[in-house]
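Written out below as structure tokens is the structure these notes cover.
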Ligand code: GLN
């Protein structure tokens with residue numbers, strides 16, 4: 001299997017450009033070791049020897065981890081992220097392209113290359129885990145890990161026609177995930193189908209003493225409910241998710257998914273989420289504030305890129321950060337520093353935190369009366385490369401349906417639910433209560 005995937009990478013990478021680093025030698029050695037374990041009846045897990053690939057913001061010991069930034073061009077982590085330890089049996093094919101520091105929705109913010117959507121090479125794969133979604137969609141990896149701070153797993157999954165799962169905040173350790181916005185970041189899965197997503201989540205979930213926000217909890221098989229009927233399940237459709245801005249063909253495909261659930265005995269309930277219209281603004285305030293603090297560590301001294309030709313320490317910081325970070329990252333650091341600054345804190349950051357509470361309350365209310373929420377993932381299907389990159393605000397608006405989930409720390413899956421008029425994949429999002437991943441996957445399986 002590993003050889004077949006390496007051949008696929010060789011054939012398709014010139015068109016797709018999903019990988020920043022390919023590690024064929026490691027992959028083949030790991031596959032050999034797994035074969036031997038299987039021969040002895042000692043397979044470590046169902047994923048033992050399965051060829052997968054990893055978003056390039058997850059630290060891999062002795063394998064370059066760039067975050068798609070010039071800042072970390074030559075950064076080789078001396079340690080593995082906790083998830084890599086949990087996946088030690090896999091054959092790792094390499095590291096995947098992304099928006100720089102996971103900031104973006106199209107993977108066009110990578111310092112290195114543009115990844116193309118395997119469904120239509122002229123279009124973006126979504127982002128920021130665009131390399132992860134494209135690699136799985138193109139058959140260049142059996143599965144991929146991504147990270148989701150405000151939709152970065154779910155939106156590229158929707159654009160590329162694969163299954164993306166963002167777990168409840170705290171289910172998967174963030175140790176070794178290069179931080180963007182720590183109160184929102186969560187590692188999750190990109191797979192061809194729902195069952196694979198459950199297998200992968202089984203492998204990576206669990207408490208980690210190295211991540212103080214990881215939850216102490218026993219998890220049973222996340223795939224245990226797959227195949228069970230959904231009769232009597234209450235699925236809420238908040239009307240604000242289907243309002244202005246949603247492309248009619250996307251709306252139609254998501255409503256068809258609701259019909260399908262109804263056909264299987266689920267009860268479709270119309271409801272309202274008044275806070276939805278404010279969630280996006282709150283997300284960009286909170287995530288930029290946290291990013292401005294998290295990215296302070298990249299100063300040209302401790303790691304990564306250091307500019308040349310400086311006279312003193314301040315110039316070293318200035319030049320290294322000016323030359324090492326791309327435009328979008330700088331924009332967010334500036335926004336974040338502004339909203340946290342004395343005199344503006346109450347007007348922006350504090351207000352955003354108040355909105356965060358409102359969003360949580362709305363979800364609590366809807367999910368106390370219902371089992372799941374069904375919504376679109378993004379307002380449109382994949383757009384053309386270059387179409388939105390010069391218009392950050394329009395780009396940000398595309399995140400309106402995904403960010404509320406991170407604000408509330410909830411689990412959600414994005415899965416293909418049809419195509420638009422141009423034949424491009426459309427994604428449906430299922431959102432559940434905290435720790436209800438198994439239930440979400442049960443409903444998702446019905447739509448597969
Ligand atoms: N597109 C969103 C942003 O640019 C989400 C990013 C993410 O989830 N990492 O912030």
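The values are calculated or read from the model by the stated rules, or taken from the named source; none is laboratory data. This one's a predicted model, so the numbers in the text were calculated from it and none came from an experiment. Cβ placement follows ideal geometry from the backbone for every residue including glycine, while neighbour counts extend to all protein chains displayed.
Values for this structure:
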{"quantity": "Only listed residue being touching a residue at least 12 places away in the same chain (Cβ under 8 Å) and within 10 Å of the ligand (Cβ to nearest atom), chosen from 110, 128, 122, 132", "calculated": "128"}
{"quantity": "Enumeration of residues in region 177-210 that are more than 16 Å from the ligand (Cβ to nearest atom), under 13 Å from residue 82 (Cα atoms) and crowded, with 18+ Cβ neighbours inside 10 Å", "calculated": "203, 204, 205, 206, 208"}
{"quantity": "Members of region 381-413 found to be assigned to a loop (DSSP other than H, G, I, E, B), under 11 Å from residue 124 (Cβ atoms) and either within 15 Å of the ligand (Cβ to nearest atom) or at pLDDT below 95 (or both), listed by number", "calculated": "382, 383, 388, 389, 398"}
{"quantity": "Any hit, region 396-405, residues being touching a strand residue (DSSP E or B) at 6+ places or on another chain (Cβ under 8 Å), in contact (Cβ under 8 Å) with a residue 40 or more places away in the chain and exposed (fewer than 13 other Cβ atoms within 10 Å of the Cβ)", "calculated": "no"}
{"quantity": "Residues (within 24 Å of residue 261 (Cβ to Cβ) and loosely packed, with under 13 Cβ neighbours inside 10 Å) located in region 366-390", "calculated": "368, 369"}
{"quantity": "Residue within region 155-166 that is in contact with a helix residue (DSSP H, G or I) (Cβ under 6 Å, 6 or more places away or on another chain), without any contact (Cβ under 8 Å) to a residue 60 or more places away in the chain and either within 15 Å of the ligand (Cβ to nearest atom) or more than 21 Å from residue 94 (Cα to Cα) (or both) present", "calculated": "yes"}
{"quantity": "Selection status of residue 241, part of a helix (DSSP H, G or I) and either surrounded by 18 or more Cβ atoms within 10 Å (Cβ to Cβ) or at pLDDT 95 or above (or both)", "calculated": "yes"}
{"quantity": "Verdict on residue 38 being out of contact with any strand residue (DSSP E or B) (no Cβ under 9 Å at 6 or more places or on another chain), surrounded by fewer than 23 Cβ atoms within 10 Å (Cβ to Cβ) and under 21 Å from residue 112 (Cβ atoms)", "calculated": "no"}
